[in-house]
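The values are calculated or read from the model by the stated rules, or taken from the named source; none is laboratory data. Small disclaimer: the values here were computed from a predicted structure and weren't measured. Every residue, glycine among them, receives a Cβ derived from its backbone with ideal geometry; neighbour counts consider all protein chains shown. Areas reflect the complete protein model, heavy atoms only, side chains present, ligands, DNA and RNA absent. Shrake-Rupley method; radii C 1.70, N 1.55, O 1.52, S 1.80 Å.
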Amino acid sequence: AFLPSALEKLRAARRIIDASGRDIRLEVDGGVKAGNIAEIAQAGADTFVAGSAIFGQSDYDAVIREMRQALVQAA
């Protein structure tokens, strides 16, 4: 499960990455779902691993569309 307390760690990591001037991706793996992906992105992540959130559902395409829509709205 994604731990909400990780959001501040993501923000801190994003600040360090941005200050470095390097092109570094910040990935989150664990508990990423349609219901929290926007908040995770707003904290600074730009790469997401969503295994059971997708493969635990009967309609993969619908879940992926929902996640993408959440990211668009978060931008």
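So if I restrict to the alpha-carbon atoms in segment 1-74, what is the Rg, and what is Dmax, the biggest pairwise distance, in Å?
Radius of gyration, then largest Cα-Cα span, for segment 1-74: 12.8, 42 Å.
Measuring with a 1.4 Å probe in the full set of protein chains, what accessible area per residue, in whole Å², belongs to segment 1-54?
Values: 3340 Å² over 54 residues.
That works out to 62 Å² per residue.
Measure off 7 Å from each Cα along the Cα-to-Cβ vector at Ile64 and Glu27, then give the distance between these two points in nanometres to one decimal.
1.8
Using alpha-carbon pairs under 8 Å, 6+ residues apart, how would you state the relative contact order of the chain in percent?
33
Leaving out ligands, DNA and RNA, what percent of the accessible area of the chain is carbon and sulfur, probe 1.4 Å?
52
Ala75 to Ile16: FRET efficiency via 1/(1 + (r/R0)^6), r the Cβ-Cβ distance, R0 25 Å, to the nearest 0.05?
Efficiency for this residue pair is about 0.70.
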